[in-house]
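Each value in this text was obtained by applying a stated rule to the coordinates, not by laboratory testing. Predicted, not measured: the structure shown is a model, and the values here were computed from it. No Cβ is skipped: glycine too gets one built from the backbone with ideal geometry, and neighbour counts run over all protein chains shown.
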């Protein structure tokens, strides 16, 4: 599941990840993201931090709090900014990790999936 | 007081004392001490007369002092002349100064008696004094004092009789005691009803009253004192009154100077209450009121909030307007009407002080406005930078990221078919990523996103991680603060750490941010070369301005060779 309010990025990311063998769903806001997680039960959520309604940290917190049937999705935060711009907030979040947007690739996401069974 | 009057008074005093000395010459060892004390006491009253005339030209007090002085001395001169007419006038007049003294006391300080009753008391005192002394003279044979043929004749002598003379004297002593009692009682009543300046002005009089009372009781009842004590030392007690009056006059002459001092000592921005206190002290009038006109014709209120009728003051009070003060007035003890110059000076001093306070308040208000607008300008600048950073992030950065992803995908697709094209796309992708990195640095310089995102804790952590000098964080308070405070604290740490890296040649640095009641204290110290100065266009100067823009203070402690300690004290609600 790709959560990002930026259409252009979603389109390219989808293209790239589908080419890398993923099945991709999209959401543009935090609210859509929580609904989509319940609907499509993704294995991984690529979650942009800057969203129009509530930020990625809040979405990650909500996803972690949702009582899950089956395995919970691996949440990977992403941003055009770098990790150090968020100080300790990334480490404090229940998300599995952070991936700068410009380093996005199927291989990078698979590493997260491999690390987090 | 005219020059002529002063010359006449001084000349008269010298002449009177000269006459007295001449009339009692050659000095007789038995009487010399008594006569010297007479001369001194008389002279003291004459000097006090000159002082009173000078100080209160509108009062008759100077005249009364002078009269007492002459009445004290002249009868003795007449008696000493050994002439029958002079002796016959002088002998009954010897005690009349006592009535004049009572007159002086009741008329203090204006020189005018207050009521018909008091007028009557004084007339009665003069009459009984002259009557009894005349009556006793009728029975006194000058030969009683053992002077035989050298004695001047008593022209009033009716019958030479010691018992009759004694009897008249005893009755006179009793009546005199009663009169003194009445006069002293009236003076005490004056004292009790007097307030402020008038009460202070009565202090010398109380001395005179006490001295007269003591003398009357001692000479009347304790006649067994030795002659020297009774006749030479007791009169000297009288000196205290005129002496105190002269001293108080000299002090009053310095009151004008005291006003100046009072105004100068008044700290800037002192309240009207403080001004009133200073003026009251300088004027010597504890009842002084400083009253301001209330808006809308609601009358005047003094500094203690009491209503004051500036048009019709209470009895015993007088009013003077303070020039250029929009209707403010001083209400003072009426007795001060005797010193119009001092009142005028006080009003002028009050006028200056109020004007000063008004200007001060104006400057203060303008300064406050400038401060507020500076804070607003800095805040607006901060907000603008935050907006710019967000715009970069949402716009150009986002597009560059997408571009670099697209280039990555294009390269992957071209890789098999056209390796040359793939290499070209790859180098374009590198360019795009570098542009993104540069843009990130630029955005961070404009406004650190980490500060907006995480507040001081994360932002300072990020600064410390980037610092090339080993830096430890001792304390940073959790929680968020107003944006302007956070931004200022952040810039202090950022600029300080940049300086440490550039100039300090330090091995280690330390960042401490502590929350104190009402403020945030940011401290950055290092163990480097020191010698940093906030002047001379350095970055520190700009930082000090930045801290001042939110009402804070930047302190730099940087002894040569002793490291640098930067402390910003930032107000924080």
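Among the residues of A:75-85, the average count of other protein chain beta-carbon atoms within 10 Å of the residue beta-carbon is 5.
Taking label positions 7 Å along the Cα-Cβ direction at both residue A:61 and residue B:375, the computed distance is 3.0 nm, reported to one decimal.
First check a/c for segment B:431-528, with a ≥ b ≥ c the square roots of the eigenvalues of its C-alpha gyration tensor; if it is under 1.5, answer rounded, and if not, answer prolate when a/b is larger than b/c or oblate otherwise. Cα axes put segment B:431-528 in the oblate bin.
Shape analysis of the protein assembly as shown based on the Cα gyration tensor places the equivalent ellipsoid semi-axes at 108, 24, 21 Å, largest first.
Computed across chain B, the Kirkwood hydrodynamic radius from all distinct Cα-Cα pairs reaches 32.7 Å.
For chain B, the longest principal axis of the alpha carbon atoms and the long axis of helix B:449-466 meet at an angle near 80°.
What number, rounded to the nearest 500 deg cm²/dmol, is the helix-based mean residue ellipticity at 222 nm of chain A, given -39500 (n - 2.57) per DSSP H run of at least four residues and division by all its residues?
Numbers: 5 runs with 48 residues, N = 117.
Mean residue ellipticity at 222 nm (helix-derived): -12000 deg cm²/dmol.
Rounded to the nearest 0.05, what FRET efficiency do residue B:10 and residue B:143 give with R0 = 41 Å and r taken as the Cβ-Cβ distance? Could you check? Calculated value: 0.55. Contact order for chain B, expressed relative to its length and based on alpha carbon pairs under 8 Å spaced 6+ residues apart, stands at 8 percent.
Which of A:74, A:24, A:40 moves most in a GNM of chain A, Cα contacts under 10 Å? Greatest mean-square fluctuation among the candidates belongs to A:40. Legend: calculated FRET efficiency, residue B:31 to residue B:533, from the Cβ-Cβ distance at R0 = 56 Å, rounded to 0.05, equals 0.05. Between residue A:39 and residue A:20, the modelled labels are 2.4 nm apart [label points 7 Å from Cα along Cα→Cβ]. Placing a pseudo-label 7 Å from each Cα along the Cα-to-Cβ vector at residue B:82 and residue B:265 gives an inter-label distance of 6.1 nm.
Let me confirm one metric for peptide B:396-403, namely the mean number of other chain beta-carbon atoms within 10 Å of its residues' beta-carbons. Walk me through the intermediate numbers first.
Details: counts 1, 5, 10, 4, 3, 13, 11, 3.
The per-residue average across the peptide is 6.
The mean number of Cβ atoms from other chains found within 10 Å of a Cβ in peptide A:50-59 is 1, as a whole number.
Sort chain A into rounded, prolate or oblate with this rule: let a ≥ b ≥ c be the square roots of the eigenvalues of the Cα gyration tensor; rounded if a/c is under 1.5, and if a/c is not under 1.5, prolate when a/b is larger than b/c, oblate otherwise. Let's see the in-between values first.
On the way: a/c = 1.17, a/b = 1.03, b/c = 1.13.
Rounded shape, in that the Cα axes give a/c under 1.5.
Remind me, relative contact order of chain A in percent, using alpha carbon pairs under 8 angstrom and six or more residues apart?
Values: 170 pairs, mean separation 28.3, N = 117.
Relative contact order here is 24 percent.
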